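Here's the structure we're looking at; comments come further down.
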Amino acid sequence: DGGSEGGDAATAPGPEAITEPIEIEFWHSMKEKNELAIKAMVEDFKKANDKITVKPVFKGDYDQMVVAYKQAIQQEATPPLVQIYDIGSRFMYDAQQVVPMYKFIEKDKFDQNANIEPNIASYYTIGGKLWSMPFNSSAPLLYMNADAVRKAGLDPDKPPATLDEIGEWAKKLTVKDGSTVTQYGFNAALYGWFVEQLTAQDNAEYCDNGNGRSGLATKVNFGTGAGPKFAQWLGDLVKEGYATNTGRPTDQAQNAFKTGTVALHLESTSALGGYTEAAKGKFELRTAPFPKPSATSTGGTIIGGASLWINAAGHSDAEKRAAWEFVKFANSAEQQSKWHAATGYVPVNPQATSNDNPNFQVAVTQLRAQQPSPATSGCLLGVMPEARKAAEVGLEQAVPAGAGQEAKTSADQAMQNAAASLQSSIDKYNANVK
Ligand SMILES: O=P(O)(O)OC[C@H](O)CO
């Protein structure tokens, strides 16, 4: 056991590597309804593979996972299989810990085109090759409390499509009892992902060098364009009392929507399974495409979610092979159909069946319609997790705490400062890339 190299030097073992029962850890970041779906998948796998036991281990949210994984590299204790969010891909590629997925694909003559949506595969392709297996793919959405929408005389079948239109709706959807707000028109977490998505919707690149796909990115661009535009827009809505600022944690913004405190809300389709359950018997839940910064925006959204990486360094051939067997299983049409129906994630396997509930179709349609371009491929940057956090600090500075309050900094200045704060990290990372 141990000693095997990662990165391009790594090799993919064949099925003969598994000679006796084996257990492997699978580190993931799925919570609540989505964690239950992981557990169900692992159970199904056990029934189909009596020799391999997959032990799912929740390691905190996506950001916490990257921290845990970096520690594991230091301690030479990575798990055989790990789920890493989209924006961790460049780091994973450079870290040279894994057996690239394309090696297993070649070994097994696995039919990539038949089993992975081409749009999704292209997102996880680095240097022309697939390095990880897309697993939970998402799109950002606009969520609506359709009962509240109708009550305000608006039509949920004609949802707002731009930030300004959402702002107009939010004003009509804000309900007061005396001076107390009983329903806010809008909320969204101060989540850097939305800055990334709105930048792509504007057909702009978040970082230079073709969003880091034609060469190492050397700077981020969110100090101008959709970043400050979103910060200003959200800050104004909060200041005027039409939106509530629940801060950076996505859980808090999600709770505000689930409990009916807000009528319109931005979140990933990954929340849809949980929202569907939460809304049952309380309000009619509707989803709509993610807004564009303005009516003239010509871009699209970026594929979100995470992918599965098989670790090489320190792992036996049996462990690596066992991880691949589970990866193949998780990708299968049957499992992706179940996964999609339970969680709201878009099936990565084009042969998977779609949930009949129209709310589940919005992300699927949005993702499939996407024309891959440097902008909609998202930024490949080694310090992308840090970039997202910097953008969130910018949003915190630019969005007041509540109605009638002032922002700490203007939106333009806040986002410019945030972008500039990353420069030394980007330079340092690039200087160390082998
Ligand atoms: O909540 P998810 O899984 O759709 O992920 C959203 C982002 O893409 C994570 O970086």
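Coordinate-derived values only; no laboratory data. All figures in this text were calculated on a predicted structure; none of them were measured in a lab. We place every Cβ from the backbone using ideal geometry, glycine too, and count neighbours over all the protein chains shown.
List of remarks:
- Each of Leu380, Leu285, Leu198 was scored by other Cβ atoms within 10 Å of its Cβ. Arranged with the fewest first, they read Leu285, Leu380, Leu198.
- Here's how it looks for Glu240: its modeled amide H is under 5 Å from those of Gly404, which are all 5 or more places away or on a different chain.
- Global geometry of segment 32-97, whether rounded, prolate or oblate, following the gyration tensor of its Cα atoms and the 1.5 cut on a/c: prolate
- Calculated over segment 255-370, the projected area of the Cα convex hull averaged across directions stands at 9.9 nm².
- Rg over Rh [alpha-carbon atoms, Kirkwood Rh] for segment 26-169: 1.08
- Computed from backbone phi, the HN-Hα couplings of segment 404-411 come to x, 9, 9, 6, 5, 9, 5, 4 Hz, rounded to whole numbers (Karplus: 6.51 cos²θ - 1.76 cosθ + 1.60, θ = phi - 60°; Gly and Pro given as x).
- Working note: Debye formula, equal point scatterers on the alpha-carbon atoms of segment 59-104, no solvent; log10 I(q)/I(0) at q = 0.13, 0.19, 0.21 Å⁻¹ is -0.27, -0.59, -0.72.
- Note on the chain: antiparallel DSSP beta bridges, both residues inside, total approximately 65 percent of the bridges counted.
- Counted over segment 153-305, the DSSP beta bridges are approximately 45% antiparallel.
- Extension reserve of the Asp8-Ala420 stretch, reckoned as 0.36 nm per residue once the Cα distance is removed: 145.0 nm
- Whole-number percent relative contact order across the chain, with pairs defined as alpha carbons under 8 Å at least 6 apart: 27
- Span from the segment 248-320 Cα centroid across to the segment 25-93 one, whole angstrom: 18
- Between segment 176-190 and segment 372-427, the alpha-carbon center distance in angstrom: 25
- 5 angstrom amide H check on Ser316, placed H, neighbours 5+ away: Gly2
- Pairs exceeding 22 Å between alpha-carbon atoms, taken from Lys33/Lys338; Lys176/Lys282; Lys70/Lys103; Lys59/Lys107; Lys39/Lys258; Lys280/Lys338: Lys70/Lys103; Lys59/Lys107; Lys39/Lys258.
- Residues whose placed amide H lies under 5 Å from that of Thr162, excluding near-sequence neighbours: Lys292
- Debye log10 I(q)/I(0) at q = 0.12, 0.19, 0.21 Å⁻¹ for segment 131-255, Cα point scatterers: -0.56, -1.15, -1.31
- Cα extents of the chain along the three principal axes, largest first (Å): 71, 50, 35
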